[in-house]
Amino acid sequence: MNIFFITVIIFVIVYIFLSWFAKTSTKKISKFIRILIIILSIFLAFIMAYAGRYIFSLPFVLAILPLIKTKAGISLFQLLRLWGLFRVLKNSGRFNFNNFNQNINSQSMSIEEAYKILNLDPKKKYSKDEVLISYKKIMKKIHPDISPELNRLASIVNEAKDLVLKELY
């Protein structure tokens with residue numbers, strides 16, 4: 001029912017605009033169009049200023065990333081897996097985004113955390129090759145050669161791999 005009323009209102013506005021357009025002179029039309037463009041530009045500037053707070057938020061980046069061809073070739077699924085890894089590390093207290101000078105070995109890592117970091121199930125038995133494959137998938141995305149800011153994260157993943165491999169033997 002609301003769609004019907006909205007459609008009727010739009011048709012009435014378009015009819016009024018077209019009848020005005022047909023009856024006026026070209027000078028009035030060009031002046032009106034200039035004023036309309038200025039008003040719409042100001043309105044668009046206000047909308048962009050308001051939307052600018054959200055334009056670089058995580059949901060926006062996740063929505064736009066598949067459309068952008070990145071150098072590293074990260075897909076949306078891989079980005080979600082990295083985000084999960086960051087969340088696990090942050091919740092465990094192993095990775096603090098605000099303090100980069102924190103001592104890496106300030107806490108010992110549990111075997112469950114190591115399995116979660118490597119995206120493995122702690123209840124399942126894995127071979128050395130399976131652990132290394134999972135480790136390599138993660139390191140392809142967070143290797144310090146890709147971004148030097150990821151040194152600490154790479155060292156945590158290395159520690160998790162070493163702990164899981166020690167547990168296998």
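Among all the aspartates and glutamates, which ones have a C-alpha under 17 Å from Lys125's C-alpha, if same-chain residues fewer than 8 places away are not counted?
Filter leaves Glu112, Glu113, Asp162, Glu167.
Under 27 Å Cα to Cα from Lys123, which lysines show up? Leave out anything in the same chain fewer than 8 places away.
Lys90, Lys136, Lys137, Lys140, Lys141, Lys161, Lys166
Could you order the peptides 158-165, 40-47 from most to least packed, using the average number of other C-beta atoms within 10 Å per residue?
158-165, 40-47
Only the coordinates and a few stated rules stand behind these numbers; no lab work does. This one's a predicted model, so the numbers in the text were calculated from it and none came from an experiment. As a convention, Cβ positions derive from the backbone with ideal geometry for all residues, glycine included, and neighbour counts pool all protein chains shown.
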